[in-house]
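*Asks:* Got a structure for you, questions after.
Just so you know, all these numbers are worked out from the coordinates, no wet-lab data involved. Here the structure is a predicted model, which is why all the values come from computation and not from measurement. All Cβ positions, glycine included, derive from the backbone under ideal geometry; neighbour counts span all protein chains shown.
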Amino acid sequence: MNARVNDKRRYNTDGTPRAGAPETEDQSPVAEGPGTPAPDPTSELTQLRAELDAARRRVDELARGIQDVMRDRDAFKDRIQRERDRMIEVEKGQVAQSLIEAVDELDHSLAADDGSPFAQGVRLIRDKLLGRLQASGIERLNLVGRPYDPNAAEAVDMELVSSPEKADQVLAEHRAGYALRGRVIRPGRVKVGRYVEPAKA
């Protein structure tokens, strides 16, 4: 059984509505919970976007930091590799000096090559040593007949020439020069032509 409660201030004793009283009751819903205003979706979305932007900036900073570390690591590896290659080249050059001196002695022995079996054996040994040098990246410089280059040879002798084409040209080789991958490790010793204009009668 439903009980109906009437506000006596709104009705007379005979049950008729009292003058000036509202005809309907206020039936507006009552807010549940404490009386705090509902959150603003716009401000919450703005806050989330700000946090997202901050997170993206942090990720970008970390990514740049990782890239810097990787570049530094690669640069360090390159420096180590270059230093290692340089040390290997220095060691090759030191070992090559002993072989080059041995080839020099064989060249002196072959200066008076008489075609004998002994001379042929010496030449064979000399050629094998030159092959080993070449396999290590060491090349014998071809200086005779070319313009004199002070970076590749030392001029230890000079010969007067009557032809202008032979001026400052290597005429003979007293000692061979050698280079390791294009870098001269021992300059040659050569005779250079010097042109002198013939005296006019």
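*Asks:* Output ³J(HN,Hα) for segment 177-188: one whole-Hz value per residue in order, computed from phi by the Karplus curve 6.51 cos²θ - 1.76 cosθ + 1.60 with θ = phi - 60°, and x for Gly and Pro.
*Replies:* My calculation for segment 177-188 gives x, 9, 9, 10, 6, x, 9, 5, 9, 8, x, x Hz in order.
*Asks:* Right, another one. Which residues' amide hydrogens lie under 5 Å from the amide hydrogen of Arg186, considering only partners 5 or more residues apart or on another chain, with H built in the peptide plane?
*Replies:* Tyr178
*Asks:* Kindly rank 95-105, 68-78 from highest to lowest mean number of other beta carbons found within 10 Å of each residue. List each step's numbers first, then the result.
*Replies:* Numbers: 95-105: 14.6, 68-78: 10.0.
Descending mean neighbour count gives 95-105, 68-78.
*Asks:* Rounded if a/c is under 1.5, else prolate if a/b is larger than b/c, else oblate: which is segment 43-138, with a ≥ b ≥ c the root eigenvalues of its Cα gyration tensor? Mind dumping the intermediate values first?
*Replies:* Details: a/c = 12.51, a/b = 6.82, b/c = 1.83.
Since a/c reaches 1.5 and a/b is larger than b/c, the shape of segment 43-138 is classed as prolate.
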